[in-house]
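Heads up, the thing below is written out as structure tokens.
Every read-out reported here was derived from the displayed coordinates using simple, explicitly stated rules and does not represent laboratory data. Quick caveat: nothing in here was measured; it's all calculated off a predicted structure. As a convention, Cβ positions derive from the backbone with ideal geometry for all residues, glycine included, and neighbour counts pool all protein chains shown.
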């Protein structure tokens with residue numbers, strides 16, 4: 001079993017990850033995990049990177065025989081270790097006693113895990129459906145199984161049954177019309193695999209978009225949360241309260257989360273918003289809704305906003321039209337320029353200032369260059385005067401008499417436009 005980082009030596013994100021990745025290797029070794037940690041330079045072994053369909057750097061994969069999982073969440077030490085431990089398996093772990101269940105609860109205080117309660121029969125239809133779903137979501141959550149006695153005083157309405165433990169509560173799976181189907185188990189696990197109000201970042205958001213129809217994203221500054229009575233702290237408390245205590249009203253369609261930065265929200269809105277900001281993202285249609293945040297904001301006002309979104313009464317922004325694609329191109333361009341400026345002023349000047357100076361010099365040179373004609377203007381004026389004088393001295397003859405040659409013919413014959421009569425008169 002290997003945890004492999006596919007990297008490139010020139011990649012800035014790879015260099016930033018290096019000390020974190022070293023700590024991950026040390027921690028897994030301390031835990032006695034069978035997972036070995038390694039790195040692969042994709043510039044030297046490009047054929048290996050192509051075989052694993054690596055498209056960006058860094059890419060972190062768990063590889064065990066024919067099984068491969070790609071990490072798509074945050075690249076923190078804790079998240080990478082959690083990813084490795086989940087992927088190493090077994091996919092469904094057995095809990096044999098009340099103490100083992102309490103131990104699992106202690107290990108997963110901030111995460112989610114699922115528990116199948118039934119007889120110790122791995123060939124039952126319900127268990128096989130559960131195991132198949134667990135295999136598909138092995139890196140997203142922990143999956144356990146056990147007999148009914150390990151629940152102790154916890155009550156369930158069905159047997160066998162499926163439970164999810166999160167946020168210091170447990171919730172039971174109820175199959176539609178009482179019939180357990182693979183699709184309903186899959187949908188339920190997919191919907192319940194996140195906490196009610198988790199802390200997320202940009203990479204983790206990509207994995208969450210399929211969890212619910214709407215994602216309620218609260219972007220706040222950590223320092224502002226420390227100020228009691230501020231709009232940020234009040235908005236955080238209200239959003240968290242709705243996520244935990246209004247589950248029956250919003251859980252079926254809304255997944256709540258919060259972020260300690262506003263860059264992800266700005267990227268979705270293609271704008272530059274200030275914190276705090278509350279956005280509802282409808283990923284299927286790529287629409288978003290922005291909540292009005294007056295100073296007198298209350299919990300009922302926030303709930304009304306969410307209900308209007310669900311009922312289609314709130315104005316939506318975004319979409320997949322041509323104008324939005326053009327806007328995305330310009331926003332990405334501006335964001336890239338600003339990120340380079342913030343990262344390094346010298347790099348910005350080297351990339352944009354120097355080329356601008358060179359182009360300006362070239363344009364100035366082209367505009368100010370004197371034009372050179374092949375024929376001087378004085379010669380053109382003199383030729384026009386000779387033609388006019390020749391036409392006055394030699395008017396057209398009456399019909400029947402020989403006509404005089406034209407000025408152009410005289411010029412072609414030698415340039416002497418005087419006739420024999422003219423020469424006699426001389």
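Order by neighbour count: 174, 330, 62, 305, fewest other Cβ atoms within 10 Å first, most last.
So the ranking, lowest neighbour count to highest, is 330, 174, 305, 62.
Just to be sure I understand: of the beta bridges DSSP finds with both ends in the stretch 93-192, what percent are antiparallel, rounded to 5?
Taking every DSSP beta bridge with both residues in the stretch 93-192, the antiparallel ones total about 55 percent.
Below 8 Å between Cα atoms, with a sequence gap of 6+, how large is the relative contact order for the stretch 13-144 in percent?
25 percent
Rank the residues 110, 221 as a footprinting-exposure proxy: fewest other Cβ atoms within 10 Å of their Cβ go first.
110, 221
What is the stretch 90-148's relative contact order, in percent, from Cα pairs under 8 angstrom and six or more apart in sequence?
It rounds to 58 percent for the stretch 90-148.
Give me 324, 279 sorted ascending by neighbouring Cβ count inside 10 Å, so fewest comes first.
In order of increasing Cβ crowding within 10 Å: 324, 279.
Rounded to the nearest 0.05, what FRET efficiency is calculated for residue 148 and residue 31 with R0 set to 25 Å and r the Cβ-Cβ distance?
0.20
With an 8 Å cut-off on Cα pairs and a minimum separation of 6 or more residues, tell me the relative contact order of the stretch 93-192 in percent.
36 percent
From the Cα trace of the stretch 202-320, what convex hull volume per residue do you get, rounded to a whole Å³?
Roughly 105 Å³ of hull volume per residue.
Along the three principal axes, how long is the stretch 93-192 when you take its alpha carbons, biggest first, rounded to the nearest angstrom?
For the stretch 93-192, the Cα extents along the three principal axes come out at 32, 26, 21 Å.
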